[in-house]
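Since every read-out is calculated from the coordinates, none of them should be taken as a lab result. Computed from a predicted model, the values in this text were never measured in an experiment. Virtual Cβ from ideal backbone geometry, glycine too; neighbours counted across all protein chains shown.
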Amino acid sequence: MTIKKESYNNVNFCLKCGNKMELRVDKEGKIRPKCTKCNWTYYKNPIPASACVILNDQNKVVIIKRKFEPNAGDWALPSGYVEIDQTPAECAVDEMKEETSLDGEVIVQLGYDTEFSPIYEKVISFGFLMKITGGKLQAGDDAVDARYVSFDELPDIAFPSHVKFIEIAKALYSKE
Ligand SMILES: [Zn+2]
């Protein structure tokens, strides 16, 4: 595969020593920025995120109105970026709590998808079907609104990956 120079447009200074970075071609023929002083290499990778499909007993799915960019103000699944000390599944449980005030656990993984991100260039998103184990639905700190909707009532959803996870959950795990 080839790596676009443009992916590294804003990589100017070394994160380890602060000196100037320079684009070099590595032994596999891939373009990588390298520090001109300490040789540290910067690799650009997709940023991992987790998204939650939360189905209740009435076969309704939880959606939240996003508070933060990207797509602030749009409806989406509860979701967030995986922290360095989390697994994607742990991230899903935490995001569910933070955005919906619901306690939950993972039932099954719903696959993954990659998509463009205006912030990180590319995100790799993991979908999880979640079980509600406690709490009452209300928008948490990271959401403006949170509600249960039937599959028929779904508004436009901000991210294609979330649409895909909802469709997988509907096809395989809904009670319709
Ligand atoms: Zn350096």
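Laid out as a table, the results:
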{"quantity": "For SER101, SER79, order by how many other beta-carbon atoms lie within 10 Å, fewest first", "calculated": "SER101, SER79"}
{"quantity": "With Cα atoms, 0 to 90° folded angle of helix 160-173 axis to the chain main axis", "calculated": "40"}
{"quantity": "Anchor LYS30: lysines whose Cα lies under 26 Å away (excluding residues fewer than 8 positions away in-chain)", "calculated": "LYS4, LYS5, LYS16, LYS20, LYS44, LYS122"}
{"quantity": "Low-density loop positions, GluC sites (Glu not before Pro), region 5-48 - DSSP coil, at most 15 other Cβ in 10 Å", "calculated": "GLU28"}
{"quantity": "Charge dipole of region 27-81 about the Cα centre (unit charges at C-beta), most positive-ward option of VAL62, ALA76, ALA49", "calculated": "ALA49"}
{"quantity": "Value in Å of the Kirkwood radius, where region 47-173 supplies the Cα pairs that are averaged", "calculated": "14.1"}
{"quantity": "Theoretical FRET efficiency, 1/(1+(r/R0)^6), r = Cβ-Cβ of SER7 and ASP142, R0 22 Å, to 0.05", "calculated": "0.20"}
{"quantity": "Longest exposed-site-free window of the chain, the sites being trypsin sites (Lys or Arg not before Pro) in a DSSP loop that have at most 12 other C-beta atoms within 10 Å", "calculated": "31-135"}
{"quantity": "With Cα atoms, 0 to 90° folded angle of helix 88-100 axis to the chain main axis", "calculated": "60"}
{"quantity": "Reachable lysines, given that their alpha-carbon falls under 19 Å from the alpha-carbon of LYS175 and they are not under 8 places away in the same chain", "calculated": "LYS60, LYS131, LYS164"}
{"quantity": "Qualifying GluC sites (Glu not before Pro) for region 41-121 [loop in DSSP, other Cβ within 10 Å: at most 13]", "calculated": "GLU83"}
{"quantity": "Only Lys, Arg (+1) and Asp, Glu (-1) charged, at Cβ; the chain dipole about Cα centre in debye", "calculated": "1040"}
{"quantity": "Rough spin-label spacing in nm, given labels placed 7 Å along Cα→Cβ, for SER150 and CYS38", "calculated": "5.9"}
{"quantity": "Value of relative contact order over region 99-176, rounded to a whole percent, pairs C-alpha under 8 Å and six or more apart", "calculated": "34"}
{"quantity": "Computed over the chain: relative contact order in percent, which uses C-alpha pairs under 8 Å that are six or more apart", "calculated": "22"}
